[in-house]
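**Q** This is the structure I have questions about; it appears just below.
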Amino acid sequence: IEDPLTGLYNRNFLRKFAGSLVSLAKRERIPFTVAVIDIDDFKKINDTYGHLFGDKVLKKVAETIRRTLRNSDIAIRYGGEEFLVILPHNDLESAKIVGERIRKTIERLDIDGIKITISIGIADNTLSSKLEDLITKADQALYIAKRTGKNKVVAATS
(Lines give C-alpha, C1' and ligand atoms only; values in the text may rest on other atoms or scores of the structure.)
Protein backbone atom coordinates (compact mmCIF):
# COMPACT_ATOMS: atom_id res chain seq x y z
CA ILE A 1 0.00 0.00 0.00
CA GLU A 2 3.07 2.28 0.01
CA ASP A 3 4.82 3.76 -3.01
CA PRO A 4 8.49 2.73 -2.75
CA LEU A 5 9.87 5.96 -4.26
CA THR A 6 7.89 8.60 -2.36
CA GLY A 7 6.76 6.79 0.78
CA LEU A 8 3.19 7.95 0.18
CA TYR A 9 0.25 5.57 -0.08
CA ASN A 10 -0.27 4.05 -3.52
CA ARG A 11 -3.26 3.14 -5.67
CA ASN A 12 -3.67 -0.19 -3.84
CA PHE A 13 -4.40 1.78 -0.69
CA LEU A 14 -6.89 3.87 -2.63
CA ARG A 15 -8.70 0.79 -3.94
CA LYS A 16 -8.74 -1.05 -0.61
CA PHE A 17 -9.40 1.64 1.96
CA ALA A 18 -10.29 5.06 0.61
CA GLY A 19 -13.80 4.10 -0.55
CA SER A 20 -14.78 3.37 3.04
CA LEU A 21 -13.73 6.90 4.00
CA VAL A 22 -16.14 8.35 1.45
CA SER A 23 -18.92 6.10 2.74
CA LEU A 24 -18.24 7.22 6.30
CA ALA A 25 -18.27 10.88 5.23
CA LYS A 26 -21.62 10.37 3.52
CA ARG A 27 -23.14 8.51 6.47
CA GLU A 28 -21.89 11.07 9.02
CA ARG A 29 -22.59 14.05 6.73
CA ILE A 30 -18.95 15.13 6.91
CA PRO A 31 -17.52 17.45 4.24
CA PHE A 32 -14.97 15.63 2.16
CA THR A 33 -12.71 16.87 -0.63
CA VAL A 34 -10.37 15.23 -3.14
CA ALA A 35 -7.45 17.05 -4.77
CA VAL A 36 -5.54 15.81 -7.80
CA ILE A 37 -2.05 17.33 -8.02
CA ASP A 38 0.19 17.22 -11.07
CA ILE A 39 3.77 18.48 -11.41
CA ASP A 40 3.86 21.02 -14.22
CA ASP A 41 6.10 20.16 -17.20
CA PHE A 42 7.44 17.01 -15.55
CA LYS A 43 8.27 15.34 -18.87
CA LYS A 44 10.44 18.34 -19.73
CA ILE A 45 12.17 18.02 -16.34
CA ASN A 46 12.90 14.34 -16.98
CA ASP A 47 14.03 14.99 -20.56
CA THR A 48 16.27 17.91 -19.60
CA TYR A 49 17.78 16.75 -16.31
CA GLY A 50 17.34 12.97 -16.38
CA HIS A 51 15.19 10.44 -14.59
CA LEU A 52 17.27 10.42 -11.41
CA PHE A 53 16.64 14.15 -11.03
CA GLY A 54 12.97 13.50 -11.86
CA ASP A 55 12.87 10.97 -9.02
CA LYS A 56 14.42 13.57 -6.70
CA VAL A 57 11.66 16.02 -7.70
CA LEU A 58 8.96 13.40 -7.05
CA LYS A 59 10.39 12.65 -3.60
CA LYS A 60 10.68 16.33 -2.67
CA VAL A 61 7.16 17.15 -3.87
CA ALA A 62 5.75 14.13 -2.00
CA GLU A 63 7.59 15.13 1.17
CA THR A 64 6.32 18.70 0.86
CA ILE A 65 2.73 17.57 0.33
CA ARG A 66 2.91 15.27 3.36
CA ARG A 67 4.45 18.01 5.57
CA THR A 68 1.78 20.51 4.53
CA LEU A 69 -1.19 18.26 5.37
CA ARG A 70 -2.84 17.43 8.69
CA ASN A 71 -2.41 13.96 10.16
CA SER A 72 -6.00 13.11 9.20
CA ASP A 73 -5.41 13.95 5.52
CA ILE A 74 -4.23 11.24 3.13
CA ALA A 75 -1.62 11.67 0.41
CA ILE A 76 -1.35 9.10 -2.38
CA ARG A 77 1.00 8.79 -5.32
CA TYR A 78 -1.66 8.32 -7.94
CA GLY A 79 0.67 7.60 -10.85
CA GLY A 80 3.71 9.09 -12.58
CA GLU A 81 3.88 12.71 -11.46
CA GLU A 82 0.29 12.79 -10.16
CA PHE A 83 -0.71 12.80 -6.53
CA LEU A 84 -4.12 12.46 -4.93
CA VAL A 85 -4.95 14.07 -1.60
CA ILE A 86 -8.02 13.15 0.42
CA LEU A 87 -9.15 15.89 2.78
CA PRO A 88 -11.80 14.67 5.23
CA HIS A 89 -13.59 17.42 7.18
CA ASN A 90 -12.80 19.96 4.44
CA ASP A 91 -15.38 21.71 2.33
CA LEU A 92 -14.45 23.19 -1.03
CA GLU A 93 -13.41 26.57 0.38
CA SER A 94 -11.10 25.14 3.03
CA ALA A 95 -9.69 22.67 0.46
CA LYS A 96 -8.83 25.62 -1.81
CA ILE A 97 -6.85 27.10 1.08
CA VAL A 98 -5.02 23.80 1.61
CA GLY A 99 -4.36 23.51 -2.13
CA GLU A 100 -2.97 27.05 -2.28
CA ARG A 101 -0.74 26.36 0.71
CA ILE A 102 0.66 23.23 -1.00
CA ARG A 103 1.06 25.07 -4.31
CA LYS A 104 2.87 28.04 -2.78
CA THR A 105 5.15 25.84 -0.67
CA ILE A 106 6.21 23.83 -3.72
CA GLU A 107 6.61 26.99 -5.79
CA ARG A 108 9.18 28.19 -3.21
CA LEU A 109 11.20 24.96 -3.43
CA ASP A 110 14.62 25.09 -5.01
CA ILE A 111 15.76 21.67 -6.11
CA ASP A 112 19.36 22.02 -7.27
CA GLY A 113 18.59 25.45 -8.71
CA ILE A 114 15.42 24.30 -10.51
CA LYS A 115 12.01 25.74 -9.65
CA ILE A 116 9.00 23.40 -9.66
CA THR A 117 5.32 24.27 -9.93
CA ILE A 118 2.17 22.21 -9.63
CA SER A 119 -1.42 22.42 -10.77
CA ILE A 120 -4.29 21.20 -8.60
CA GLY A 121 -7.90 20.25 -9.28
CA ILE A 122 -10.30 19.79 -6.37
CA ALA A 123 -13.81 18.42 -5.95
CA ASP A 124 -15.95 17.90 -2.87
CA ASN A 125 -18.67 15.45 -1.89
CA THR A 126 -21.46 17.91 -2.69
CA LEU A 127 -20.83 16.86 -6.32
CA SER A 128 -20.98 13.10 -5.71
CA SER A 129 -20.84 10.54 -2.93
CA LYS A 130 -18.67 8.18 -5.03
CA LEU A 131 -14.89 8.45 -4.78
CA GLU A 132 -14.41 7.61 -8.47
CA ASP A 133 -16.71 10.48 -9.47
CA LEU A 134 -14.88 12.91 -7.20
CA ILE A 135 -11.53 11.90 -8.66
CA THR A 136 -12.92 12.37 -12.18
CA LYS A 137 -14.31 15.82 -11.29
CA ALA A 138 -11.03 16.85 -9.62
CA ASP A 139 -9.11 15.56 -12.64
CA GLN A 140 -11.29 17.65 -14.97
CA ALA A 141 -10.59 20.71 -12.81
CA LEU A 142 -6.87 19.87 -12.97
CA TYR A 143 -6.99 19.92 -16.77
CA ILE A 144 -8.63 23.35 -16.65
CA ALA A 145 -5.76 24.53 -14.42
CA LYS A 146 -3.26 23.14 -16.94
CA ARG A 147 -5.01 24.68 -19.97
CA THR A 148 -5.35 28.09 -18.34
CA GLY A 149 -1.74 28.65 -17.39
CA LYS A 150 -0.66 26.01 -14.83
CA ASN A 151 0.58 26.67 -11.28
CA LYS A 152 -2.93 27.18 -9.90
CA VAL A 153 -5.76 25.57 -7.96
CA VAL A 154 -9.09 25.06 -9.75
CA ALA A 155 -12.26 23.79 -8.06
CA ALA A 156 -14.78 21.61 -9.89
CA THR A 157 -18.14 23.30 -10.17
CA SER A 158 -20.43 20.52 -11.40
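**Q** Take the alpha carbon gyration tensor of segment 104-158, find the square roots of its eigenvalues, order them as a ≥ b ≥ c, and report rounded if a/c is under 1.5; if not, report prolate when a/b exceeds b/c, else oblate.
**A** Prolate, because a/c is 1.5 or more and a/b exceeds b/c.
**Q** Taking just the C-alpha trace of the chain, give me its Rg and Dmax in Å.
**A** Spelled out, the Cα radius of gyration and Dmax of the chain are 14.9, 48 Å.
**Q** Please compute the net charge surrounding Ser94, taking Lys and Arg as +1 and Asp and Glu as -1 over other residues with Cβ under 13 Å from its Cβ.
**A** Result for the neighbourhood of Ser94: -2.
**Q** Give, as a single signed number, the net charge of other residues whose beta carbon lies under 13 Å from the beta carbon of Asp73, with Lys and Arg counted +1 and Asp and Glu -1.
**A** +4
**Q** Another question, if that's okay. What is the magnitude of the charge dipole of segment 13-91 about its Cα centre, with +1 placed on the Cβ of each Lys and Arg, -1 on the Cβ of each Asp and Glu, and no other charges, expressed in debye to the nearest 20?
**A** Dipole about the Cα centre, nearest 20: 380 debye.
**Q** Further, regarding this structure: Only four residue types carry charge here, +1 at the Cβ of Lys and Arg and -1 at the Cβ of Asp and Glu. Report the dipole size of the chain about the Cα centre in Debye, rounded to the nearest 20.
**A** 180
**Q** While we're here: What percentage of the solvent-accessible surface of segment 50-97, computed with a 1.4 Å probe over protein heavy atoms, is contributed by carbon and sulfur atoms?
**A** 53
**Q** Follow-up question, since we're still on this one. Leaving out ligands, DNA and RNA but keeping every protein chain, what accessible area does Thr48 have, in Å² rounded to the nearest 10, with a 1.4 Å probe?
**A** The value for Thr48 is about 80 Å².
**Q** Segment 82-158: which trypsin sites (Lys or Arg not before Pro) are DSSP loop and have at most 15 other beta-carbon atoms within 10 angstrom?
**A** Those satisfying the criteria are Arg108, Lys115, Lys130, Lys150.
The values are calculated or read from the model by the stated rules, or taken from the named source; none is laboratory data. Not measured: the values here are computed from a predicted model. For neighbour counting, all protein chains shown are included, and Cβ atoms are generated from backbone atoms with ideal geometry for every residue, glycine included. For accessibility, only protein heavy atoms count, side chains too; no ligands or nucleic acids. Shrake-Rupley method; radii C 1.70, N 1.55, O 1.52, S 1.80 Å.
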